[in-house]
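Reviewing the structure listed below.
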Amino acid sequence: MAKVKKKELGKGIHALLSNINEKTPVKKKKAAVKELSAAVAMIPIEQVEVNPYNPRTDFDPVALEELANSLKVHGLIQPITVRRMSEKEYQLISGERRLRAAKLADLKEVPAYIRLANDQEMIEMALVENIQRENLNSIEVAITYQRLIDECKLTHEVMAERVGKKRSSITNYLRLLKLPPEIQQSIKKGDLSMGHARALAGIENITTQLMLYKRTVNEKLSVRDLEKLVKLYTLSKSGKKPQDELPSEYRDVQRQFQEFFGMKKLKLKVNSKGKGAITIPFSSTKELNRLLDSLDND
C-alpha cells in the first residue's frame, strides 16, 4: 500500500477533521463522513491507543509472530480503524491483532480509517454506498464488509439485506481476508480472480495455500484446474481416494485414445474389478462425423 506523505495528509484528512466539530451542519458532516469512510491515512503507530473495552484479550503469540513476519515483507493490507481523540491521539476501534503485529514488525506507521466521535449512522450509510460502487476489487469489498461488522455491528443477515447480496456471498468475501497477504495483494492487483481466491480460501493450511497460489500464477491455471487441485488436496488429507481418479496403469491407454481421436475430453473409466467405459463426447453432428472418419481412415 502506497504511503501518504505527512505533508499530503496535513492538507487532506487532517484538514478535513479540523473543520468538523459538534456545531458543524449535518449536511456538511455527512459529506465529511462519506469522504473519511473511503480515505486511508498513514498514522504514527505510537499515537494509537488500544481500546480498553475490547472484549478480546487473548492473542496467539505464534500467529502474531507469523503475521508480523508477513507485514515486514508485504505491509499491512487491511487498515485498522481508529477514532480521533485529539490532533495527535487516536483510539483503536478495530484491528488490535493487526496493530500488535505491526508493532512486532517494528512498523512506524500503519494505514487507518479515521472515524469521528459520533458518526455511527452516517458511517454505515457511507460504507453501504461505497460497497455498491462497481470499481472495487474483491479485497476492497471484503474489507468494507468487515468494517460494517466491526464498526456498525451488523450481522451477516442484516448486511446482506442492506447491500442487496446473498448471505453466502458476504461470507465468501469475508473469507478472503483470512488469506495470506501475498495472495490478497495478488487479488487486489487483478492477478488472481475471485474464483481462484474462493478456491484457495477453502484450504486451512497456509503453506498449501501459498504453494497452490504460486502454481496457479506460474502455470496460469484456470479456476476449474485449481478447484481440482484443491479437491485432490482435501481428499488426500482425509485419506480418501477420488472416485474418478484413473489407476496409473490405465492413464497411458486413455492418452492413446485421446491422441487417436484428437479429443482431450475423451475419458476412460475403470473400476477395481477391471470393468469400465470409454466416454467420447461430441457437441455436433459435424464433430461426430469427424470421429467416424477417424475410424474409417484407420
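Once you list every other residue whose beta carbon is under 9 Å from the beta carbon of residue 47, what net charge do they have if Lys and Arg are +1 and Asp and Glu are -1?
-2
Would you please name the GluC sites (Glu not before Pro) within segment 65-113 that are DSSP coil residues with at most 10 other C-beta atoms within 10 Å of their C-beta?
Listed in order of number, the matching sites are 87.
State the Kirkwood hydrodynamic radius of segment 248-297 in Å, one decimal place, computed from all pairs of distinct Cα atoms.
Result for segment 248-297 stands at 11.8 Å.
Count charges around residue 167 for me, please; just the other residues with Cβ under 15 Å from its Cβ, Lys/Arg as +1, Asp/Glu as -1.
Here the count lands on +2.
Where a number appears in this text, it was derived from the coordinates with a stated rule and is not lab data. If you're wondering where the values come from, they're calculated on a predicted model, not measured in any experiment. As a convention, Cβ positions derive from the backbone with ideal geometry for all residues, glycine included, and neighbour counts pool all protein chains shown.
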